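The values are calculated or read from the model by the stated rules, or taken from the named source; none is laboratory data. Fair warning: this is a prediction, and the values are worked out from it, not measured in the lab. Virtual Cβ from ideal backbone geometry, glycine too; neighbours counted across all protein chains shown. To get the accessible areas, we keep the full protein, side chains included, count just its heavy atoms, and leave off ligands, DNA and RNA. Shrake-Rupley method; radii C 1.70, N 1.55, O 1.52, S 1.80 Å.
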Amino acid sequence: MSRAVAQWWRYPAFALGIFGSEKSFRKNPLLGHPRLNELGLHRERVRLAARMASYRRKVLGISVSAEERAAFDQDGFIIRENALPADVFQRIRDFLQNEPLPAREMRQGQAVTRMIPINPQLLAKMPEMARFSHDPSIAGLIRYVGGAGGDPVYFIQTVIAEPAVKQADPQTALHADTFHSTSKAWLFLQDVGPDDGPFVFVPGSHKLTEKRLEWEYRQSLLANSDKRSHHADGSFRITPAELSELGDFAPQKVAVPANTLVVADTYAFHSRAVSDRHTTRVELHAYHRANPFTPLPFSPTSLIPGIRDRQLDLYLMFADRKAKKAGRQPVWKDVGACTAFSEPHI
């Protein structure tokens, strides 16, 4: 009996996944079915998701300045310098340099990413952190760029590059996070120079052109068997040669001074820059991903009492339980309490 037949009872859930944010071509056999994608399943999901994001932005854009809307429309990202008052920024940075906090870490090749949730416990210790995680202007930017309503997820992120580890970091390959607009935000706690492993972005690649749509279609036909695990899971990788075929695009290192906020649509192609030396980059971080097909410019789950500031804790709790049940280590490993600026613990 084939695996597909043995799991027949899962197909209603696989079918429902088509109408949500599921993206994996290998975990969902309907999304990865070559014949369905030959008929245009993935292509039409991409097309419809882009239309719905554009529709929602017409409402969400009310809270965003005309200058920042124009910057996003042209490039796919927004840069806001001096994002926090200088005194608030300094107090937050001093706190994170000296205060050990419960952290998780994940290694991908030569890069270690640390995550410290901005949750009620942290906000009780450092109330001024809310100037980032509760700021309506910042949240409005994140919603607009992602083309979706609801509450973003906030945490402190540390990215540590260790070139001595001779294994590639998969995030240094140009890629799109998924098949629809999503947003990520970084408020950098240090100056980030071109040699500090900065964020790399391809301006203008957030736009769904006919060439991009045709490229998406071609990828969908073979994605379920692609040897690149992230590609097979729907985070499509693109080579420089392929990128040049889609238009006049040039990857750009986003080198910025401390206290700069960058908000980007990660449907656009982006990556981390390869670092030739040991670097540590610390930032206040947020991401926002929602059902790409809802017409609502808000998320019903954000109306549930007690959810705000706890989304990440809830996600980690369920991920830990799932990993334990499967008899494996969680992706995000609990490393105890440490400062945001400390060396890796895994």
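Consider LYS333 carefully, then state whether it is open to solvent by 80 Å² or more (accessible area, probe 1.4 Å), over 24 Å from ALA148 (Cβ atoms), basic (Lys, Arg) and in contact (Cβ under 8 Å) with a residue 40 or more places away in the chain. Spelling it out, LYS333 is indeed open to solvent by 80 Å² or more (accessible area, probe 1.4 Å), over 24 Å from ALA148 (Cβ atoms), basic (Lys, Arg) and in contact (Cβ under 8 Å) with a residue 40 or more places away in the chain.
Given the condition surrounded by fewer than 20 Cβ atoms within 10 Å (Cβ to Cβ), among the aliphatic types (A, V, I, L, M) and in a helix (DSSP H, G or I), answer yes or no: does some residue in the stretch 127-144 qualify?
Let us first name the residues in the stretch 127-144 that are surrounded by fewer than 20 Cβ atoms within 10 Å (Cβ to Cβ), namely 127-128, 130-131, 134-137, 140.
Restricting the remaining residues to those that are among the aliphatic types (A, V, I, L, M) gives 130.
Applying the additional criterion that residues be in a helix (DSSP H, G or I) yields 130.
The answer is yes, given that some residue of the stretch 127-144 is surrounded by fewer than 20 Cβ atoms within 10 Å (Cβ to Cβ), among the aliphatic types (A, V, I, L, M) and in a helix (DSSP H, G or I).
Take the conditions under 30 Å from PHE249 (Cβ atoms) and open to solvent by 50 Å² or more (accessible area, probe 1.4 Å) and apply them to GLU81. Does it pass? Yes. The C-beta contact set for the stretch 90-112 (first residue in contact (Cβ under 8 Å) with a residue 24 or more places away in the chain and open to solvent by less than 30 Å² (accessible area, probe 1.4 Å), second residue part of a helix (DSSP H, G or I) and of a type in the set (D, E, K, R), distance under 9 angstrom, 6+ apart or interchain) comprises ILE92/GLU128; ILE92/ARG131; LEU101/LYS125.
State whether the residues of the stretch 214-222 include one that is at pLDDT 95 or above, assigned to a loop (DSSP other than H, G, I, E, B) and either in contact with a strand residue (DSSP E or B) (Cβ under 8 Å, 6 or more places away or on another chain) or buried (at least 19 other Cβ atoms within 10 Å of the Cβ) (or both). Within the stretch 214-222, not a single residue is at pLDDT 95 or above, assigned to a loop (DSSP other than H, G, I, E, B) and either in contact with a strand residue (DSSP E or B) (Cβ under 8 Å, 6 or more places away or on another chain) or buried (at least 19 other Cβ atoms within 10 Å of the Cβ) (or both).
Can you find a residue in the stretch 180-200 that is over 28 Å from ASN259 (Cβ atoms) and either more than 17 Å from the chain's Cα centre (by Cα) or open to solvent by less than 20 Å² (accessible area, probe 1.4 Å) (or both)? Checking the stretch 180-200: at least one residue is over 28 Å from ASN259 (Cβ atoms) and either more than 17 Å from the chain's Cα centre (by Cα) or open to solvent by less than 20 Å² (accessible area, probe 1.4 Å) (or both).
Only one of LYS253, LYS227 is touching a strand residue (DSSP E or B) at 6+ places or on another chain (Cβ under 6 Å), open to solvent by 50 Å² or more (accessible area, probe 1.4 Å) and at pLDDT 95 or above; which? Full working, then the answer.
Details: LYS227 fails: touching a strand residue (DSSP E or B) at 6+ places or on another chain (Cβ under 6 Å).
Of the residues listed, the single one that is touching a strand residue (DSSP E or B) at 6+ places or on another chain (Cβ under 6 Å), open to solvent by 50 Å² or more (accessible area, probe 1.4 Å) and at pLDDT 95 or above is LYS253.
Residues in the stretch 12-35 that are within 25 Å of GLY146 (Cα to Cα) and not in a loop (DSSP other than H, G, I, E, B): PHE14, ALA15, LEU16, GLY17.
When you scan the stretch 189-202, do you find a residue that is assigned to a loop (DSSP other than H, G, I, E, B), without any contact (Cβ under 8 Å) to a residue 40 or more places away in the chain and within 20 Å of ALA337 (Cα to Cα), even just one?
no
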